[in-house]
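The values are calculated or read from the model by the stated rules, or taken from the named source; none is laboratory data. If you're wondering where the values come from, they're calculated on a predicted model, not measured in any experiment. Methodologically, a virtual Cβ is constructed for each residue, glycine included, from the backbone with ideal geometry; neighbour enumeration extends over all protein chains shown.
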Amino acid sequence: MTDAAASQRLRFFDAAFYAIAAGIGMRWIAVAAAVGPASLLLWTLGLFAFFVPLAVGTAELTARFEGEGGIYVWARDALGPLSGFLCGWFYWISLLPFFAGILVFLSGLIVGALGGDPKNALLSVSISVAVSLLVTAVQLAGLKYGKWLPNMGTAGGWVVFAMLVVLALVLGVEGKSATDFLHGNWRLPANFDTAIAWGTIMFAYAGVESLGFLRNDIDGGMRTIVRVLAVVGIGSLVVYVGGTVAFLIVLPQSALTRLSGFPDALRLGFAHVGLGYLGVFAVGLFALTMLGAFTAWFGVGARLPFAAGLDNFLPPTFAKRHPRTNAPVAAILLQGGLMLAIMLLSQAGASVAGAYDLLVAMSILTVAIPYVYMFAAWANCARMEPVPGAWAPPGGGRTSFVLAWLGQVSTVVAIACSLVPNAGDPHPVASFLKIVLAALGMLVFGLVFYWVAHRRRRTRPVPPVSLSAEGEAIANA
């Protein structure tokens with residue numbers, strides 16, 4: 001390893017801040033809180049039914065497979081090249097509308113903080129382009145500089161969270177809580193709000209698998225990764241449960257919306273205690289938090305085209321890192337360009353809110369599909385002999401197998417919940433078909449891309465794909 005590459009490696013606190021920025025999404029708290037006090041039960045269930053399997057699986061699979069590419073390599077080496085490609089394909093392609101949605105969401109926060117018109121599409125697009133160029137430039141500079149936006153975003157997020165908790169405490173002590181927790185409804189209704197809340201909670205707990213993409217960029221190896229996973233788990237539970245309680249104290253359940261719930265809680269909370277002027281400052285900090293999460297995920301997403309370049313699905317230039325910054329330049333530029341294109345297309349002839357809903361609809365189903373592959377790969381590995389010296393959970397393969405299937409069931413339920421139509425949707429069938437057809441279109445496009453790349457590799461010999469040691473053992477089993 002060169003001195004330049006070594007200087008780019010993330011130490012424990014850098015890796016923890018990076019993982020927290022990618023793995024804890026505060027904007028999802030408002031969606032879950034819309035269910036009422038019963039959402040606290042969903043957060044707890046989600047922690048044990050999805051986050052714990054995901055975190056333990058991430059640790060074990062990262063220790064088993066040494067190759068670049070994280071979840072893509074795990075599926076490729078455990079289930080075969082096509083499964084690996086489709087897992088990586090859906091993981092990456094679902095990130096593009098997710099990134100574009102964050103751009104639209106961020107632009108709305110910035111416009112609101114500046115006192116502009118939130119319905120001004122031109123202003124929204126201009127801010128989105130500026131933010132995307134900033135994040136792309138930061139990632140091109142390498143993790144040595146790219147880690148600072150996630151670090152600042154994480155710090156800003158904790159400040160915003162603390163402000164929200166203090167507001168809730170003040171209102172609670174004064175007897176002005178908007179929710180009666182003692183006599184509130186703690187039952188989970190079988191409706192769209194509960195379905196979308198479970199899908200949101202799964203999505204909110206997702207993200208820690210991103211450490212697998214950065215395994216060769218983290219100082220201290222598996223010991224650091226396991227410690228970071230524990231920190232993210234504790235931090236997630238504190239933020240999501242504490243934040244939901246604070247939300248329900250500041251705002252009544254009926255006033256919470258999935259788009260503006262968090263900014264509204266900050267503005268109204270400060271107004272209730274006579275400090276309305278701090279609302280803009282708090283919203284600005286929240287925007288910084290979102291920018292940090294965006295930057296963290298952007299860096300993770302760029303590692304997938306890099307890994308595909310290593311496997312010869314993309315031209316060789318995608319498998320190269322910059323000698324000074326250690327950044328996968330071609331992969332970053334490809335991702336940035338496609339993200340901007342999707343963002344601009346989504347706003348063609350649509351309102352800002354309509355564009356945001358479209359982007360969320362494009363990614364709501366596809367983002368869960370890679371976890372189906374991941375948990376299947378983990379269950380497959382759990383039946384094999386342990387790798388000497390590799391990290392494994394207490395109980396070994398039996399524990400891994402049970403947790404893999406628990407995570408798999410949670411993921412499938414979340415996928416089913418994402419297809420539940422909104423009772424207020426005037427065209428529920430059309431909305432259902434839009435989501436399903438978008439996913440099928442991505443699948444067909446990915447299969448065609450795989451077939452073309454596979455045929456090119458057969459007609460023009462290329463160096464063989466390098467499997468990890470565990471991947472070779474599975475291939476020969």
Taking region 208-242 as the search range and keeping residues that are among the small types (G, A, S) and closer than 15 Å to I20 by Cα, which one is nearest to the chain's Cα centre (by Cα)?
-> S210
Output the residues belonging to region 407-421 that are part of a helix (DSSP H, G or I) and crowded, with 17+ Cβ neighbours inside 10 Å.
-> G407, Q408, S410, T411, V413, A414, I415, C417, S418
For region 88-96, indicate whether the set of residues that are modelled with pLDDT under 90, surrounded by fewer than 24 Cβ atoms within 10 Å (Cβ to Cβ), closer than 17 Å to F298 by Cβ and not hydrophobic (A, V, I, L, M, F, W, C) is non-empty.
-> yes
Do the conditions hold for A379, that is, is it crowded, with 23+ Cβ neighbours inside 10 Å and part of a helix (DSSP H, G or I)?
-> no
Scan region 299-334 for residues that are modelled with pLDDT of 80 or more and closer than 28 Å to A155 by Cβ and jot them down.
-> I332
Does any residue in region 69-80 that is under 21 Å from D217 (Cα atoms) and part of a loop (DSSP other than H, G, I, E, B) come within less than 9 Å, Cβ to Cβ, of a residue that is modelled with pLDDT of 85 or more and not β-branched (V, I, T) six or more places away or on a different chain, and which pairs are these?
-> G69/R76; G69/G84; G70/L61; G70/E209
Restricting attention to region 232-244, report how many residues are touching a helix residue (DSSP H, G or I) at 6+ places or on another chain (Cβ under 7 Å) and β-branched (V, I, T).
-> 4
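Would it be correct to say that R9 is out of contact with any Pro (no Cβ under 7 Å at 6 or more places or on another chain), at pLDDT 80 or above and of a type in the set (K, R)?
The answer is no for R9.
Conditions tested, residue by residue: (1) modelled with pLDDT under 80; (2) over 23 Å from A327 (Cα atoms); (3) surrounded by fewer than 24 Cβ atoms within 10 Å (Cβ to Cβ); (4) basic (K, R).
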{"site": "M1", "(1), (2), (3), (4)": "yes, no, yes, no"}
{"site": "G23", "(1), (2), (3), (4)": "yes, no, no, no"}
{"site": "R27", "(1), (2), (3), (4)": "yes, yes, yes, yes"}
{"site": "A32", "(1), (2), (3), (4)": "yes, yes, no, no"}
{"site": "T44", "(1), (2), (3), (4)": "no, yes, yes, no"}
{"site": "V52", "(1), (2), (3), (4)": "no, yes, yes, no"}
{"site": "L61", "(1), (2), (3), (4)": "no, yes, no, no"}
{"site": "A75", "(1), (2), (3), (4)": "no, yes, no, no"}
Taking region 164-185, which residues are of a type in the set (A, V, I, L, M, F, W, C), more than 30 Å from the chain's Cα centre (by Cα) and surrounded by 13 or more Cβ atoms within 10 Å (Cβ to Cβ)?
-> V170, L171, A178, F181
